[in-house]
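Read-outs: derived from the displayed coordinates by stated rules, not from any lab. This is a predicted model, so every value here is computed, not measured. Glycine also receives a Cβ, built like all others from the backbone with ideal geometry; neighbour counts cover every protein chain displayed.
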Amino acid sequence: MDVSIGFNEFCEPSLEDALDSAASAGAKREIVVTPMMTPGGEHSEEDIPEAISSAKRRFEGVEFIYAWPFSIEDVVAFLTSQISRFQHSNI
């Protein structure tokens, strides 16, 4: 599995560039994941879906999947594992 990174603002490559690069390299399926865990943000609810829709128009043979939002159970499990990790550390 190849992994690409793209950003919405202030960093390169842009999300659009990352999507285009993977498609141009022959990807037939791209799964887009954001580090934003819960609904309510402009990037996760508007910007990323718009970038994916635009990429779908440019690359009709590529399947784009937006793996978001995460289920609340998955978010709780992740946060619980982080708490446990730090609870037992010497930080």
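Do you know which residues across the stretch 28-63 are within 11 Å of the chain's Cα centre (by Cα) and surrounded by 12 or more Cβ atoms within 10 Å (Cβ to Cβ)?
Applying the first criterion (within 11 Å of the chain's Cα centre (by Cα)) to the stretch 28-63 yields 30-37, 43-44, 48-49, 52.
30, 31, 32, 33, 34, 36, 37, 43, 44, 48, 49, 52 - these are the residues of the stretch 28-63 that are within 11 Å of the chain's Cα centre (by Cα) and surrounded by 12 or more Cβ atoms within 10 Å (Cβ to Cβ).
Among the residues of the stretch 65-90, write down those that are loosely packed, with under 10 Cβ neighbours inside 10 Å, of a type in the set (Ser, Thr, Tyr) and under 17 Å from the mean Cα position of the chain (by Cα).
Hit for the stretch 65-90 is 71, nothing else.
Just for the stretch 35-74: of the residues that are touching a Pro at 6+ places or on another chain (Cβ under 9 Å) and assigned to a helix (DSSP H, G or I), which one is nearest to residue 4 (Cα to Cα)?
Taking the candidates together, the pick is 44.
Would a scan of the stretch 5-27 turn up a residue that is surrounded by 14 or more Cβ atoms within 10 Å (Cβ to Cβ), outside any loop (DSSP other than H, G, I, E, B) and in contact with a Lys or Arg (Cβ under 6 Å, 6 or more places away or on another chain)?
No, the stretch 5-27 contains no residue that is surrounded by 14 or more Cβ atoms within 10 Å (Cβ to Cβ), outside any loop (DSSP other than H, G, I, E, B) and in contact with a Lys or Arg (Cβ under 6 Å, 6 or more places away or on another chain).
Scan the stretch 23-40 residue by residue and report those that are closer than 17 Å to residue 61 by Cβ and either among the hydroxyl-bearing types (Ser, Thr, Tyr) or free of Cβ contacts under 8 Å to residues at least 24 places away in the same chain (or both).
24, 25, 26
Being at positive phi and of a type outside the set (A, V, I, L, M, F, W, C) narrows it down to one of 61, 6, 41, 26, so name that one.
After applying the criteria, what remains is 26.
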